[in-house]
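Reading through the structure tokens given below for one structure.
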Amino acid sequence: MHLECRLSLDLGENAKIVFDSVRRPEMKNNRAQTNIKLEKNLILIHIKAGDKTALKASLNSCLKSIILAKNLLEVN
């Protein structure tokens, strides 16, 4: 089974700051591959996975990092 998820998050003026805090080289293992890109105010997430559990785990990992970075910006 091959699954893909593409997600774009519009974070406005905070997009670059959040992206820089969660950016890492392409994450790849034997079950999933994740790419994160920045285009203007959008953070683009593209995940390819071999099963739904790997897809969910990769998506949760990305979103947790993005939510944490966004929340830290709001505290300041």
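Coordinate-derived values only; no laboratory data. All values derive from a computational prediction rather than experimental measurement. Glycine gets a Cβ as well: all are built from the backbone with ideal geometry, and neighbour counts include every protein chain shown.
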Given the options Leu63, Val75, Ile47, identify the residue whose Cα lies farthest towards the positive end of the charge dipole of the chain (+1 on Cβ of Lys, Arg; -1 on Cβ of Asp, Glu). Ile47
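Hey, fewest Cβ within 10 Å first, where do Lys37, Lys56 land in order? Let's see the in-between values first.
Values: Lys37 12, Lys56 15.
The order, fewest Cβ neighbours first, is Lys37, Lys56.
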For the chain, what number of Lys pairs, 8 or more residues apart or on separate chains, have alpha-carbon atoms under 21 Å from each other? 19
Given [x] 15.0; [y] 14.2; [z] 12.7, the label whose value is Kirkwood radius over Cα pairs in Å derived from this model: [z]
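Taking 0.36 nm per intervening residue step and subtracting the Cα-Cα distance, what contour gain separates Leu44 from Glu13 on full extension?
Values: separation 31, 0.36 × 31 = 11.16 nm, distance 1.51 nm.
Length difference between fully extended and current span is 9.6 nm.
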How tilted is helix 52-75 with respect to the longest principal axis of the chain? Cα atoms for both, answer in degrees (0 to 90, nearest 10). 10 degrees
